[in-house]
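S.K.: Pasting in a structure now, in structure tokens, and then I'll have a few things to ask.
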Amino acid sequence: MVSPNEHMDDLIGKVLAREATASEKQEVEAWIHEHEDHARYFRQLQEVFDQAASPEIQALFDTDAAWQKVRHKIKPAGRQHWMNRIPLVYRVAAGIALIIGTGYLLFPLTSPDAVPTELAASSKIVNDTLPDGSLTSLNRSTKMVYTYDVKQKVRKVTLQGEAFFQVKHEEEKPFIIETQGVYIKDIGTQFNVTAFPESTIVEVMVTEGEVYFYSDTNTGIQLVAGQTGIYDKTSRTFTRQEVTDTNRLAYKTRIFRFNNTRVSEIIHQVNEVYGVSITLAQEEIGNCHITVNFDEETPQTIAEIIAETLDLVLDNSHGRLTLSGKGCPKPE
Amino acid sequence: MSNSVQAVDQRVFERFRDGQPNAFEMIFNHYYRPLCAYAYTFLHDRDHAEEVVQSAFITLWEKKESIAIDTSFQSYLYRMIRNACLNVIKHEKVKQLHVSHEMKTGEFAQNTTAHTVLAQELETKIHQAMRTLPEQCRLVFQLSRFEELKYHEIADQLDISVKTVENHMGKALRMMREQLKEYLPLMALILGGIELW
């Protein structure tokens, strides 16, 4: 086994820590190519360097449990603790009431909460209320399981597909969604999660409040209302975008906002959401751009509005909606 | 695989300074685990590491208006944890409180969160190896790997020359490799491919 001199160890350290100059890099590179053992030695140092700060060790620590402890020790900004403003005698009385009250609370230990709740949507959108009072809408081909972990006091949802959540925020019971190896933690929120197994990304769009989007080994990103977070399953990276496309929620809201959008795209989205098939007799119609809003309209009305806007003819014979007329030139 | 922690959004930090509990919770969620992992490299005890990080966060909240940050908020947090750990160590030395290492090394094995036994064993080995480094050498290594400081920043903070930082880093890698030699092929197997820089 080769034992390189200490000078080389220092240089390798600089290369790994990205401190090496171009000539130092060359020196290390040349040394590596000198002998197979050198290359192996370099790789070993590289592994030591990488693995020492490996994020794996973070899995030892439980953030939620810790937060429950810390949360109780911080005072809201600029406010006196409410307890200090209550005369002592009432505080004692409250203490007694609490003890009596706890007796009742101990009873429903085997609450139905502990039983997993399964929801699934195959061909239709499903709107439902979870056992904790949170509202959810499942898009087509979506499955979810809700469980309340009594011991950890955590509300957990495992999700496959796409769903919108309107979480009933409870400080004591965090609400966490697990999907495709990543987590979304609610901090008082309404948000949409898109996580189909066949897709290479997981997308979280926040319409109100904020969420925390992370994985076991990546501390992830925070998202506030108006932002969309994307997790790339291949590169395992999180990115944040300053936009939200509210049409993404149309499967639930049936509300569309199109701003100078191609007709082909509009029809594609409407067909997806309603599970219908509006077709264009002339493909060129799809090239036209229109600005239009649809608020909970039927597909029939939507097709009529498009026809009127572009001076087209709508044919709804044979249970199909077909638009025909003059199209627009293809953009170059 | 990247070891670096993505920095928290500047706006979250600003809202935290304005006293918004949500922003504080965000910061906590984001940094709690990496900071515990860092504290663990100093204290080698899970509970102590968590205690230090939790009380640091409580102090952070109490002093939020008066925090003066010269670099980044993230480096501020890491430095805060490092100083708190070094304080604990100093304190323990004075008290001559010496907990047997051997008793503590078993704790990786108790953790079951999505961790194979083999990967846990490796982590234990890496930590054990890190512990055997001479004090200053280990500190340089920690500042580089966990706080991701540049060599000149480490030199400034520890009041040593950049050349000494280079020597310590080289020495840390050499000594740890020596101890982990037999595990290193296994690591490559578990942790996937290696690329040259």
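S.K.: Mind checking the dipole of chain A: about its Cα centre, +1 per Lys or Arg Cβ, -1 per Asp or Glu Cβ, Debye to the nearest 20? Working shown, then result.
M.R.: Values: 33 positive and 46 negative charges, 351 e Å.
Computed charge dipole of chain A: roughly 1680 debye.
S.K.: With the Cα gyration tensor of chain A in hand, give its eigenvalues times 5 under a square root as the equivalent ellipsoid semi-axes, listed largest first in whole angstrom.
M.R.: Values: eigenvalues 435, 321, 66 Å².
That gives 47, 40, 18 Å for the three semi-axes.
S.K.: What area, in nm² and to one decimal, does the C-alpha convex hull of the stretch A:184-332 cast on average over all directions?
M.R.: Details: hull surface 43.1 nm².
Seen from a random direction, the Cα hull of the stretch A:184-332 projects 10.8 nm² on average.
S.K.: Over chain A, what is the mean sequence separation of C-alpha contacts under 8 Å (at least six apart), divided by residue count, expressed as relative contact order in percent? Before the final figure, lay out the partial values.
M.R.: Details: 528 pairs, mean separation 25.7, N = 332.
That works out to 8 percent.
S.K.: Now, a different point. What are the aspartates and glutamates whose alpha-carbon lies under 14 Å from the alpha-carbon of A:Lys252, with same-chain residues fewer than 8 places away excluded?
M.R.: Leaving aside aspartates and glutamates fewer than 8 places away in the same chain, those within reach of A:Lys252 are A:Asp128, A:Glu162, A:Glu272, A:Asp295, A:Glu296, A:Glu297.
S.K.: Among the lysines, which have Cα under 25 Å from the Cα of B:Lys171 when same-chain residues fewer than 8 positions away are ignored?
M.R.: The qualifying lysines are A:Lys14, A:Lys25, B:Lys90, B:Lys125, B:Lys150, B:Lys163, B:Lys181.
S.K.: Need the C-alpha centroid separation for the stretch A:1-58 versus the stretch B:36-72, integer Å.
M.R.: 32
S.K.: Let me ask you something else. Taking every eigenvalue of the Cα gyration tensor of the stretch A:114-208, multiplying by 5 and rooting it, what semi-axes result, largest first, whole Å?
M.R.: Numbers: eigenvalues 77, 41, 34 Å².
Calculated on Cα positions only, the semi-axes equal 20, 14, 13 Å.
S.K.: Right, here's the next one. Taking 2.2 N^0.38 Å as the expected size of a compact globular protein, what ratio does the Cα radius of gyration of the stretch A:1-41 give against it, to two decimals?
M.R.: Working: Rg = 9.7 Å, N = 41, 2.2 N^0.38 = 9.0 Å.
Against the empirical 2.2 N^0.38 Å value, I get 1.07 for the stretch A:1-41.
S.K.: Sticking with this one: If you count, for every residue in A:181-188, the Cβ atoms of partner chains within 10 Å of its Cβ, what is the mean? Display every interim value, and only then the final one.
M.R.: Numbers: counts 1, 0, 1, 0, 3, 0, 6, 2.
That works out to 2 on average.
S.K.: Also, I was wondering about something else. Could you grab the Rg to Rh ratio for the stretch A:17-74? Cα atoms only, Kirkwood for Rh. It would help to have the intermediate numbers written out before the result.
M.R.: Numbers: Rg = 20.2 Å, Rh = 14.9 Å.
Radius of gyration over Kirkwood radius for the stretch A:17-74 works out to 1.36.
S.K.: I'd like to know which of A:Met205, A:Val115, A:Phe191 lies farthest towards the positive end of the charge dipole of chain A, counting +1 on Cβ of Lys and Arg and -1 on Cβ of Asp and Glu.
M.R.: A:Val115
S.K.: The stretch A:257-298: percent of C-alpha pairs farther apart than 14 Å?
M.R.: Tail fraction, whole percent: 47.
S.K.: Just counting partner chain Cβ atoms within 10 Å, what average do the residues of peptide B:172-181 show around their Cβ? Don't skip to the end; give the middle numbers.
M.R.: Details: counts 6, 12, 11, 2, 7, 9, 3, 1, 5, 3.
Taking all residues of B:172-181 together, the mean is 6.
S.K.: Using per-residue counts of other Cβ atoms within 10 Å, averaged over each peptide, order A:123-133, B:170-180 from highest down. Don't skip to the answer; put the middle values down first.
M.R.: Details: A:123-133: 13.7, B:170-180: 21.0.
Sorting A:123-133, B:170-180 by mean packing, highest first, produces B:170-180, A:123-133.
S.K.: Could you state how much accessible area is buried at the B-A interface, both sides summed, with a 1.4 Å probe, in Å² to the nearest 100?
M.R.: Working: alone 12650 and 20730 Å², together 27140 Å².
Looking at B and A, the buried total is near 6200 Å².
S.K.: Still on this model: Dipole of the stretch B:9-74 (Lys/Arg Cβ +1, Asp/Glu Cβ -1, origin at the Cα centre): which of B:Thr41, B:Val52, B:Ser72 lies farthest to the positive side?
M.R.: B:Ser72
S.K.: Which order do peptides B:44-51, B:33-40, A:209-216, A:316-323 fall in by mean Cβ count within 10 Å, highest first?
M.R.: Going from most to least packed, we get B:33-40, A:209-216, B:44-51, A:316-323.
S.K.: Please give every one of the lysines within straight-line cross-link reach of A:Lys73, meaning a C-alpha to C-alpha distance under 23 Å, and leave out same-chain neighbours fewer than 8 residues apart.
M.R.: A:Lys73 reaches A:Lys151, A:Lys153, A:Lys173, A:Lys185, B:Lys63, B:Lys64.
S.K.: Further question on the same structure: Could you compute the net charge surrounding A:Ser199? Neighbours are other residues with a C-beta less than 14 Å from the C-beta of A:Ser199; K and R count +1, D and E count -1.
M.R.: Numbers: positive: A:Lys233, A:Arg248; negative: A:Glu162, A:Glu198, A:Glu203, A:Asp232.
Spelling it out: positives minus negatives among the neighbours equals -2.
The values are calculated or read from the model by the stated rules, or taken from the named source; none is laboratory data. The structure presented is a predicted model; accordingly, all values stated were derived computationally and were not measured. All Cβ positions, even for glycine, are placed from backbone atoms using ideal geometry, and neighbour counts span all protein chains on display. Each accessible area value is taken on the protein alone, full model and side chains, heavy atoms only, with ligands, DNA and RNA left out. Shrake-Rupley method; radii C 1.70, N 1.55, O 1.52, S 1.80 Å.
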